[in-house]
Structures are given as C-alpha cells and as structure tokens.
Amino acid sequence: GNEIPEIKKYVENNVKDDQKSEMFGVAENKNVVFINAESLQSFVINNEVNGEEVTPFLNSLTEDKDTYYFENFYHQTEQGKTSDSEFLIENSLYPLSRGAVFFTHGQNEYNAMPEILGQEGYTSNVFHANNKSFWNRDQMYESLGIDAFYGKEAYEVTDDNSVGWGLKDKPFFEQSIEHIKTLKEPYYSKFITLTNHFPFELTDQDKSIESYDSNSTTLNNFFPTVRYMDESIEQFFEQLKAAGLYEDSIIIIMGDHYGISANHNKAMSQYLGKEEITPFDHVQLQRVPFFIHIPGHGKGEVRSEVSGQIDVKPTMLSLLGIENEDDIYFGNDLFSNERKDYIALRNGDFINEDFVYTSGICYDRQTGEPVEGESEVSLDVSIDEEVTACTPIADKVDRELAYSDDMIYGDLFRFIEFEDKEK
Ligand code: GP9
Ligand code: MN
C-alpha cells in the first residue's frame, strides 16, 4: 500500500473539485433508474436513416426541459465492453487495457457507488435478462456491494419474446416493472438492455424502420434495433409513470460502448457522407449518449463539455447530495466548474476542449487537422519525438491511467479506511 499517499495526492491536486456544484443534492433521496443502453452511439441521435428519425424518443429528450443531454460524452471501455462500462460508472476508475477487470479482479476490495449509497439507506439492484455468470457479474457484483441481481431466472423468457441474445427489451422492461414495485425505497436500479447487441437481430414485426443499405450488414441492421431500443425506453417511461414510480426517480440513460467497430468504416463513411473515417473521426465516433432526466426540474439543456463514463459516479453522488471525500477516483461532477479538462481513453488517447489526441497525432478538435509540432530528441529515448500542444496532457493521461491500474493490481482499496465502512 506504499503507493497510496502519492495517488491520493495526485487525486486531491488534479482531480477533485474544491467546491460542490450548484446541482449538489437536487435529487436527494430520489430513486435512481439507470438504463445501460447496449451499444448505443451518439451518431444516431438527431440523425436519420432512409429519411426517418432513428431515435425519436431520445431525440425528444434532447429538447426536454427536465433532461440534460451530454453530446460530447465518451465511452472509455476496452475489451471488457459492457462490464468495463459498469466498472467505470460504479468506481470512477479506468478498466484495464487488456482483459476484463470483472474477471481478473472480481474479488478485490472497492469503494463502489452501491456501497456508498448503501450507507445512505439505498439498496442497489441490477436487472439484466442474461446468465448471471456472464462477465463474472455474480462475483463482481458482490464485491461492488450490489444487493440484488435479477438475472435470466427472474424473467419469463420464451421463444416468442426472445431474439438474438435473449429476452427482447420491450418484454424485459415490462416484466422489470413488476420487480421494481417490490423494492424498498430509495433504490439505485440499473437496467442492462440486450436487443441492440451485435449482430443486431430483429424480427420483421419488431422493425419500425428499414435497414440501411451498404456493404456492412452489421451497420445496416444496427438502425432498426436502435429504434427498437428507443421505443422500449419510451415505453418504460410510460410504465414507470403508470406504476407511480416516475415522480420520485431520476432516470439516467447511457450508451455502454460502440456498437459499430472500425471494421465497418467504409459503410460508416457512406452513412456519414464522408470520404473516409480518419483516426480523428474514429475517436469522435466513440461518443455515446448520456442523459440525466430529473422529473419536474425544468432547467435541462444540451451540454457540450467534453465528458465521459469516468464522470458518472461523482456526478450521481453529487446529484444525490452525498459527500465522498476520502475516496480515490478519477472523474468529476459534470456540473462542476472546476473539472479536469480532458477525457482519457483507455489506450492513452484523449480529448479536451481544444485537441483530440490519437495514434500519436495531435488534432485540432475544431478542424480535425493535425496540429504542427516540433521534433525533439529526448534524452532517454533514442528516437525523435514530436512535441506538440498535446504532449503534456498525454503524459498526464498516462500517469493517471497508471495510478488507476495501481489501485486495481495492488488491490489498494484494502488499505484505505473509509468512514462508516464495515470491513
Ligand atoms: C451480456 C451483455 C452484453 O450480458 O451485457 O455484453 P457485451 O458483449 O456488450 O459486453
Ligand atoms: Mn454492451
């Protein structure tokens, strides 16, 4: 545990906000309904396919007065996909660069959001109609302090109500309502959808829009399943209202990671009307939607700051009015004015207000053009390194990722005493 003082100091000086944001406590004691929207990427929001809106409901939320929509929010996942996104939001730590931390470090000690909420009287629940052991969730959820996991057995799954990976999202939400009604309040409940998963299968009767037409069946079929998920979320809002569960909740919707990989760049460039997908464009395609819906709030807006999954835990805790001072984490409350000014991707790339750094090239974020740098022979490396405006931030990103890795590899939360935390 020798590294802890140095990491703590870094987090105090470089990450944490000194002041609470003006949103601190606006959702105090509310239930949290968190929707993990499988493979949803931001490029479909307020966009069309074959002349039709892809996500009419989510589009309407971008204009809704009770909703904040973050349009420059990035996923930060790696090989652990959905599980990495879960790891990010529960801990505000980075996932690992290889493998899935849910598998490799499922028995570590953490100071995860469900545990922190537990001390404030919340229960935490996950709803996901898949096998409980997928991504080692059954074990990791225990380490994260999740109280109940409603897996496949909690649902009535038939041939009729299934497609692709299993239970379709509409019956999934419909059946979930019955479970939520039984929960003790306040609760933090996460719903992990499944239908919009590669290879994006859907029966004709569930298709409200036509597929796209390109050389990629994957991209073509993505649009109808995204629309199906959009409709299922709209229905879920209605069902929450009908069950009297809406007013006392805040609803968060987040895309977990990309659905369309770089293998489909040719089709993607056709869809986006671009000559090619450059490394700069590829990074911009890693944006996933992030919505915070607060019934009755009235001050919602579209927010453009650069943000990411690392920010979810500090943001949620702030909204719920929960202080979290001794914790080690790497994100910020999205409503704070003193946020760190970059979002690190797991591979060391980053985005800030001015630059996008990827494949060793520093791009101007406005123009997408490389920024000129100076070549410099560094003392400890024999090759020429280009020094650009991105270099100091890239160094900081590497350091931060390494600190996060240290916390995981060393299982360092074991050595930290948290107030009120039972060991
Ligand atoms: C599996 C589901 C999908 O339970 O969460 O996982 P993914 O392949 O997207 O990581
Ligand atoms: Mn996923």
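The values are calculated or read from the model by the stated rules, or taken from the named source; none is laboratory data. Computed from a prediction, not measured in an experiment: that's the story for all the values here. Every residue, glycine among them, receives a Cβ derived from its backbone with ideal geometry; neighbour counts consider all protein chains shown. Ligands, DNA and RNA are stripped out before the accessible areas are found, and what is left, the full protein with its side chains, is counted by its heavy atoms. Shrake-Rupley method; radii C 1.70, N 1.55, O 1.52, S 1.80 Å.
For S269, all conditions in the list (1) open to solvent by 10 Å² or more (accessible area, probe 1.4 Å); (2) within 19 Å of N46 (Cβ to Cβ) hold save one; what is the number of the exception?
Here S269 clears every test but (2).
Being open to solvent by 60 Å² or more (accessible area, probe 1.4 Å), within 16 Å of ligand 1 (Cβ to nearest atom) and charged (D, E, K, R) is the filter here; which residues of the range 188-216 pass it?
Correct list: E201 only.
Which ones in the range 177-232 are in contact (Cβ under 8 Å) with a residue 24 or more places away in the chain, touching a helix residue (DSSP H, G or I) at 6+ places or on another chain (Cβ under 6 Å), more than 16 Å from ligand 2 (Cβ to nearest atom) and of a type outside the set (S, T, N, Q)?
Hits for the range 177-232 are I177, Y188, L202, D206, I209, Y212, L219, D230.
So L58 fits all but one of (1) open to solvent by 20 Å² or more (accessible area, probe 1.4 Å); (2) assigned to a helix (DSSP H, G or I); (3) among the hydrophobic types (A, V, I, L, M, F, W, C); what number is the exception?
(1)
Inside the range 222-257, can you point out the residues that are over 26 Å from Q41 (Cβ atoms) and not charged (D, E, K, R)?
Residues satisfying the conditions are A242, A243, G244, L245, Y246.
Give just the number: which of (1) out of contact with any strand residue (DSSP E or B) (no Cβ under 7 Å at 6 or more places or on another chain); (2) open to solvent by less than 10 Å² (accessible area, probe 1.4 Å); (3) within 16 Å of ligand 2 (Cβ to nearest atom); (4) touching a residue at least 40 places away in the same chain (Cβ under 8 Å) does Y258 not satisfy?
(2)
Just give me the residues in the range 144-154 being outside any helix (DSSP H, G or I), surrounded by fewer than 20 Cβ atoms within 10 Å (Cβ to Cβ), within 16 Å of ligand 1 (Cβ to nearest atom) and touching a residue at least 24 places away in the same chain (Cβ under 8 Å), in sequence order.
Within the range 144-154, F149, Y150 qualify.
In the list G25, G80, which residue meets the criterion of being within 16 Å of ligand 1 (Cβ to nearest atom) and either touching a Lys or Arg at 6+ places or on another chain (Cβ under 6 Å) or modelled with pLDDT of 95 or more (or both)?
Matching residue, one of G25, G80: G80.
Sort out which residues of the range 124-143 are within 9 Å of ligand 1 (Cβ to nearest atom), open to solvent by 10 Å² or more (accessible area, probe 1.4 Å) and in contact with a strand residue (DSSP E or B) (Cβ under 8 Å, 6 or more places away or on another chain), and write them in order of number.
The answer is N130, and nothing else.
For a quick check of your reading of the model, give me the residue pairs whose first member lies in the range 127-139 and is within 21 Å of H179 (Cα to Cα) and of a type in the set (K, R), whose second is open to solvent by 50 Å² or more (accessible area, probe 1.4 Å) and within 15 Å of ligand 2 (Cβ to nearest atom), with beta-carbon atoms closer than 9 Å and at least 6 apart or on different chains.
Taking only residues 6 or more apart or on different chains, the pairs are R137/N131.
Tell me yes or no: at least one residue of the range 42-53 is farther than 21 Å from R227 by Cβ, open to solvent by 10 Å² or more (accessible area, probe 1.4 Å) and not polar (S, T, N, Q).
Looking through the range 42-53, none of the residues is farther than 21 Å from R227 by Cβ, open to solvent by 10 Å² or more (accessible area, probe 1.4 Å) and not polar (S, T, N, Q).
Name the single residue that is most open to solvent (accessible area, probe 1.4 Å) among those in the range 74-106 being touching a residue at least 40 places away in the same chain (Cβ under 8 Å) and more than 16 Å from ligand 2 (Cβ to nearest atom).
Per the criteria, the residue is S97.
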